[in-house]
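The values are calculated or read from the model by the stated rules, or taken from the named source; none is laboratory data. All values reported here derive from a predicted model rather than from experimental measurement. Every residue, glycine as well, gets a Cβ built from its backbone with ideal geometry; the counts of neighbours run over all protein chains shown. Accessible surface areas use protein heavy atoms only, side chains included; no ligands, DNA or RNA. Shrake-Rupley method; radii C 1.70, N 1.55, O 1.52, S 1.80 Å.
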Amino acid sequence: MRNCWLKYNENDLALVHELGERYKTFLSECKTERECTDFFVEKAKKHGYVNLEDLMDTDTILKPGDKIYANCMGKTVAFFQIGKRPLTEGMNLLCAHIDSPRMDLKQVPLYEDSELAYLDTHYYGGIKKYQWVTLPLALHGVVVKKDGSVIPVTIGEDEKDPIVYITDLLIHLSARQMEKKASNVIEGEQLDILVGSRPLEGEEKDAVKANVMALLKEKYDMEEEDFLSAEIEVVPAGKARDCGLDRSMIAGYGHDDRVCAYPSFEAMLEVEIPERTSGCILVDKEEIGSVGATGMESKFFENTVAELLALTGTDSNLAVRRTLARSKMLSSDVSAAFDPAFAEAFEKRNSAFFGRGIVINKYTGSRGKGGSNDANAEYLAQIRRIFDENEVSFQTAELGKVDFGGGGTIAFIAALHGMDVVDSGVAVLSMHGPWELISKADLYEAKKGYVAFLKNA
């Protein structure tokens with residue numbers, strides 16, 4: 001497999017870097033699933049997409065070229081463009097997730113200890129806990145008041161904002177700490193966010209905590225009990241940045257899986273009146289098993305397809321089943337890039353490499369393919385043909401050596417409907433770290449691959 005950079009002419013290079021700049025802006029601005037959903041919906045509306053809810057229970061009949069989106073609780077969103085062929089002949093679908101590993105504030109988070117104020121957290125998804133200490137961190141999320149009003153919260157991103165922080169034990173006193181297993185060097189209950197040290201004048205008890213609440217009241221009209229109905233995420237502060245002296249890579253928080261979500265969405269915007277209906281589903285909760293109302297295991301996707309069918313004059317359970325079973329999907333999720341610093345974890349012949357294009361993972365899972373989808377050979381042959389005919393650079397890979405661990409995606413959930421589905425995304429270094437790394441060339445080839453799939457599958 002040839003390195004993609006070697007095939008690009010000047011026009012290609014310009015497109016690679018332009019896409020990289022757009023993606024960096026998105027990655028810097030959208031650090032939660034709510035922020036991603038708002039971003040994509042706003043862009044989609046400008047390209048003619050209409051809210052599905054506005055069409056329900058109307059006399060609307062969808063026709064080829066119509067563009068529809070469905071928003072699930074502000075944290076999962078799906079986009080569709082109606083094709084020339086009946087929906088019951090199946091759709092071409094891209095599906096990525098827009099949640100990322102992080103820490104969430106608990107429902108009763110604020111406390112004071114030794115005249116320091118902290119916010120208590122519960123980590124979300126698979127993280128190496130020791131990686132999250134002594135970093136500039138930011139707070140993103142919403143506070144929902146009892147009257148239903150929603151107050152957006154973002155602290156730590158503007159240069160004038162303060163950051164928040166998790167402390168670590170100084171090296172001079174850490175002899176015993178350094179003897180622990182890496183999984184226990186920092187315990188989950190030690191991932192508490194330091195948010196203040198200045199007491200509120202006139203307060204005798206928990207004066208530092210009182211000062212923090214006074215500041216939150218002033219800026220967000222927030223009472224302490226409002227934490228009970230808040231969703232506030234703790235994420236790395238700062239913008240995505242070019243990495244490498246050659247600017248060939250991007251470092252940022254949340255590449256898993258926004259590096260697949262973003263080109264999937266852009267691919268949708270490039271498809272006009274497809275033969276088969278095109279779809280892009282961007283889901284929440286993948287990092288904790290795709291559960292809940294906004295996860296892929298919910299009925300949101302299936303219900304949305306049923307609504308689309310009703311708006312084309314086909315309203316039956318059988319039509320829904322046929323549509324899903326005849327659909328084809330790329331589960332747009334990241335893959336592990338080969339890291340020569342940790343070569344012992346990879347089997348080199350079946351690894352993904354930076355700069356060699358979009359990655360196809362026939363199966364994920366752990367050890368004996370446990371929990372994987374394991375796509376069939378006929379479907380892989382079709383994807384190979386589409387990518388080759390459209391000059392998309394691609395590679396195939398597994399997620400490391402057989403007995404070293406593993407991981408899963410939403411692919412097996414989509415496959416429950418009987419559709420063809422395979423994982424296909426961008427290779428990532430330092431996956432699930434606070435700052436991950438991707439190649440701009442792989443991002444570019446992923447978008448090319450997604451466009452080719454939507455138009456030709």
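For the stretch 114-181, what percent of Cα pairs sit more than 14 Å apart? Beyond 14 Å sits 74 percent of the P(r) for the stretch 114-181.
Sorted into 5 angstrom bins from 0, the C-alpha pair distances of the stretch 1-145 split as 2, 6, 11, 14, 14, 12, 13, 11, 7, 5, 3, 1, 0, 0 percent. Taking other residues whose beta carbon is less than 10 angstrom from the beta carbon of GLY433, and scoring Lys, Arg as +1 and Asp, Glu as -1, yields -1. For the stretch 380-457, the Kirkwood radius over C-alpha pairs fed into Stokes-Einstein at 37 °C and 0.692 mPa s yields D = 228 µm² per second. Each peptide in 183-190, 379-386 gets a packing score, the mean of other Cβ atoms within 10 Å over its residues, and the list from highest to lowest is 379-386, 183-190. Cα extents for the stretch 11-76 along the principal axes, largest to smallest and rounded to whole angstrom: 47, 30, 14.
The distance linking the stretch 257-289 with the stretch 164-235 is 37 Å (Cα centroid to Cα centroid, whole angstrom).
Working ranking of peptides 54-65, 441-452 by packing, defined as the average number of other Cβ atoms within 10 Å per residue, highest first, is 441-452, 54-65.
How many angstrom separate the Cα center of the stretch 352-379 from the Cα center of the stretch 399-457? Comparing the Cα centres of the stretch 352-379 and the stretch 399-457, I get a distance of 8 Å.
Per-residue ellipticity at 222 nm computed for the chain from its helices equals -8500 deg cm²/dmol, with DSSP H segments shorter than 4 residues left out and the rest contributing -39,500 (n - 2.57).
In whole angstrom, note down how far apart the Cα centers of the stretch 94-127 and the stretch 56-90 are. Each part's Cα centre sits 35 Å from the other's. Compactness of the stretch 136-258 is given as radius of gyration and Dmax, 18.3, 56 Å, from Cα positions.
Charging the Cβ of each Asp and Glu at -1 and of each Lys and Arg at +1, and nothing else, the dipole of the chain about its Cα centre rounds to 1840 debye. Expressed as a whole percent, the accessible area of the stretch 61-104 that falls on carbon and sulfur atoms is 56 (1.4 Å probe). Excluding same-chain neighbours fewer than eight residues apart, the lysines reachable from LYS146 by a Cα-Cα span under 22 Å are LYS75, LYS106, LYS217, LYS219. From the largest down, the stretch 177-230 spans 44, 27, 16 angstrom on the principal axes of its Cα atoms. Take every DSSP beta bridge whose two residues both sit in the chain; close to 70 percent of them are antiparallel. Per residue, the accessible area of the chain comes to 46 Å², computed with a 1.4 Å probe over protein heavy atoms only. Against the chain, whose longest principal axis is taken from its Cα atoms, helix 10-29 shows a tilt of about 40°.
Straight Cα distances below 25 angstrom link LYS348 to the lysines LYS7, LYS128, LYS362, LYS369, LYS401, LYS440, with same-chain residues fewer than 8 positions distant left out. Computed from Cα positions, the angle between helix 255-270 and the longest principal axis of the chain comes to roughly 40 degrees. Across the stretch 41-106, the volume of the C-alpha convex hull divided among the residues equals 138 Å³ per residue.
With the highest mean first, a sort of the peptides 240-247, 147-154, 403-410 on other beta-carbon atoms found within 10 angstrom per residue produces 403-410, 240-247, 147-154. Farthest towards the positive end of the charge dipole of the chain, among the residues HIS432, PHE80, ALA345, is the Cα of ALA345, using unit charges on the Cβ of Lys, Arg, Asp and Glu. Counting only Cβ charges, +1 for Lys and Arg and -1 for Asp and Glu, the dipole size of the stretch 62-217 around its Cα centre is about 960 debye. Take the alpha carbon gyration tensor of the stretch 291-404, find the square roots of its eigenvalues, order them as a ≥ b ≥ c, and report rounded if a/c is under 1.5; if not, report prolate when a/b exceeds b/c, else oblate. Taking the square roots of the gyration eigenvalues as a ≥ b ≥ c, the stretch 291-404 is prolate.
Shape summary: the chain maps onto an equivalent ellipsoid whose semi-axes, from the alpha-carbon gyration tensor, are 39, 28, 20 Å in decreasing order. For the stretch 361-405, with the dipole built from +1 on Lys and Arg beta-carbon atoms and -1 on Asp and Glu ones, taken about the Cα centre, which of GLY368, GLN382, PHE394 lies farthest toward the positive end? Farthest towards the positive end: GLY368.
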